[in-house]
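**Student:** I am attaching a structure below and will ask some questions about it afterwards.
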Amino acid sequence: MLRDETHLTYAIDEKPVKIEIMIDKTNKYLCVCGVGKSTEACCLPLINGQLEAQTPEQLMRSRYSAYVMGNVGYLMQSWHPGTRPQSIELDSRLSWTGLKLLSRHKKRDKAGSKEAYVEFIAGFVSQGDAGQMHERSRFLFEQGRWFYVDGEQIESAMGEINPLPGRNEPCYCGSTRKFKKCCGKPRD
């Protein structure tokens, strides 16, 4: 058997037969923030300190990606010093499953400082149950960069907890795929 990126070649009765296979590369290399770009062209340069977020939305998306990746250093560094906690402990039982941006709003006060709000819903799975976090985050532009300040939980803090869909049911993330072929697919 020979293998290339999209084909397998088998010898059947000593005759080579080329079979086209489906390789799902769409989700493997796309940034988890949902913009549709590769991780290297989206949030990773922000998380690695190569670039600064140009907008509050970009900072919020990169912070979501850092939560997914477990990058506590970036979460602390992007948090405003006036509201930043001493430490953050991430819940290892929590698996983030998707981000949906609902709204964004910027305002400038008389002193010229910028404040912005980004409202989003982040989906998660915890111990086999799916849920969501709905938050309105506040950001400040100071020292030439955006900082996360704090967030207001909307509705309940952890949203509705629902059991995961069955393997053949539609995925809860909103894609058109079955759960077993989408968020229920084992990770490599």
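**Student:** When region 36-89 is examined, which residues are found to be closer than 19 Å to Arg145 by Cα and among the hydroxyl-bearing types (Ser, Thr, Tyr)?
**Tutor:** Thr55, Ser62, Tyr64, Ser65, Tyr74, Ser78, Thr83
**Student:** So Glu115 clears everything in (1) modelled with pLDDT of 90 or more; (2) under 19 Å from the mean Cα position of the chain (by Cα) except one condition, right? Which one?
**Tutor:** (2)
Yes or no, residue by residue, for (1) at pLDDT 95 or above; (2) more than 19 Å from Ile121 (Cα to Cα); (3) touching a Leu at 6+ places or on another chain (Cβ under 8 Å); (4) of a type in the set (S, T, N, Q):
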residue: Thr39; (1), (2), (3), (4): no, yes, yes, yes
residue: Ile47; (1), (2), (3), (4): yes, yes, no, no
residue: Ser62; (1), (2), (3), (4): yes, no, yes, yes
residue: Met69; (1), (2), (3), (4): no, no, no, no
residue: Ser78; (1), (2), (3), (4): yes, yes, yes, yes
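The values are calculated or read from the model by the stated rules, or taken from the named source; none is laboratory data. Nothing here was measured: the structure is a model prediction, and the numbers come from that model. Cβ coordinates were reconstructed from backbone atoms using ideal geometry, including for glycine residues, and neighbour counts include every protein chain displayed.
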